[in-house]
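This report concerns only the one structure given below.
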Amino acid sequence: MECFIREGLPFVREYETPVIVNVVGKTIEEYVRVAEVLSDYPEVAAFELNISCPNVKEGGIAFGTDPEMAYRITKAVRTVTRHPLIVKLSPNVTDITLIARKVEEAGADAVSLINTLLGMAIDIRKRRPVLGNLVGGLSGPAVKPVALRMVWQVYRKVSIPIIGMGGIVTAADALEFIMAGATAVAVGTGNFKDPTTVSRIIEGIEEFLGEEKIFDITQLRGIAQQGF
Ligand SMILES: Cc1cc2nc3c(=O)[nH]c(=O)nc-3n(C[C@H](O)[C@H](O)[C@H](O)COP(=O)(O)O)c2cc1C
């Protein structure tokens, strides 16, 4: 956190866009401390809690895979900051809607989903896992159908806004998430492949809205909730 204050904040000060700080920690106290300290810096517009991390004090289970733990961490951070609080959900669960409802109940202003799916690769010549950590986060276009399904499911169960992400690389991908119920979308892996991804997506959405004669994108939010 000290390094972020020293080097990260002066860097983001250059930009006009609001800055959301993604918070990670090993214990609830660490998350709380980061939110408490960084709330005093004007460069910080909002917090996003990355709860896909193990709670080292309580058996190493990821905060985001246990509804009670997700509730407690959200509530604890909620009490120390008035900044908008987004909770980023892990897809590595049986029913993501249970976690979404718990963090909403604990005071989250929005949820973002999904974080990476756990995956692995094996080197068949060495007969060993490829990744140093044995398993690792899978992201990019391969995860899009899973992410989209989860956004669609969560939209039915919460009333706070959803930031949808997972494999978005085109305007059509982004529009799918909006039609599933996302209020906003985010691009991670796509930026690594092509740094113009976000501007292409924005232009593509504008073009689509023009073609379809839609004046307000909110008309599309959740529109694919109905079946046939
Ligand atoms: C290299 C890399 C680093 C990431 N770091 C974080 C992180 O620090 N915190 C977090 O909440 N998610 C992190 N993620 C997850 C992404 O923010 C995103 O939720 C996920 O990759 C799915 O979106 P995408 O397919 O557009 O990348 C990271 C993903 C990648 C590929």
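Before moving on, here are some points about what is shown:
- Members of segment 44-60 that are more than 19 Å from the chain's Cα centre (by Cα) and of a type in the set (A, V, I, L, M, F, W, C): V56
- Criterion: farther than 14 Å from I114 by Cβ and without any contact (Cβ under 8 Å) to a residue 60 or more places away in the chain - qualifying residue of A62, A76: A76
- Residues in segment 143-172 that are near the ligand (Cβ under 9 Å from one of its atoms) and touching a helix residue (DSSP H, G or I) at 6+ places or on another chain (Cβ under 7 Å): K144, M165, G166, G167, I168, V169.
- Flag if L118 is surrounded by fewer than 16 Cβ atoms within 10 Å (Cβ to Cβ) and on the phi > 0 side of the Ramachandran plot: no
- R72 passes every criterion in (1) farther than 23 Å from G164 by Cα; (2) out of contact with any strand residue (DSSP E or B) (no Cβ under 6 Å at 6 or more places or on another chain); (3) not in a helix (DSSP H, G or I) apart from (3).
- Scanning segment 47-65 for residues that are away from the ligand (no atom under 13 Å from the Cβ), crowded, with 16+ Cβ neighbours inside 10 Å and either not assigned by TED's automatic domain parsing to the domain that holds P18 or not in a helix (DSSP H, G or I) (or both) yields a single hit, N55.
- Residue check, G222 within 16 Å of the ligand (Cβ to nearest atom) and not charged (D, E, K, R): no
- With respect to (1) buried (at least 20 other Cβ atoms within 10 Å of the Cβ); (2) away from the ligand (no atom under 16 Å from the Cβ), the lone exception for T79 is condition (1).
- Close Cβ contacts (under 9 Å, 6 or more residues apart or on different chains) running from residues in segment 191-203 that are closer than 17 Å to S139 by Cα and in the same structural domain as I217 (by TED's automatic domain parsing) to residues that are assigned to a helix (DSSP H, G or I) and among the charged types (D, E, K, R) comprise D194/R200.
- Residue count for segment 208-228 satisfying the condition of being assigned to a helix (DSSP H, G or I) and within 26 Å of the chain's Cα centre (by Cα): 9.
- One residue stands out in segment 129-150 among those that are within 13 Å of the chain's Cα centre (by Cα) and touching a residue at least 40 places away in the same chain (Cβ under 8 Å): the one that is farthest from T116 (Cα to Cα), namely M150.
- Qualifying residue in segment 10-25 (condition: within 15 Å of L113 (Cβ to Cβ) and at pLDDT 95 or above): yes
The values are calculated or read from the model by the stated rules, or taken from the named source; none is laboratory data. Just so we're clear, the structure is a prediction, and the values are computed from it rather than from any experiment. Please note: Cβ atoms are built from the backbone with ideal geometry, for glycine as well, and neighbour counts cover all protein chains shown.
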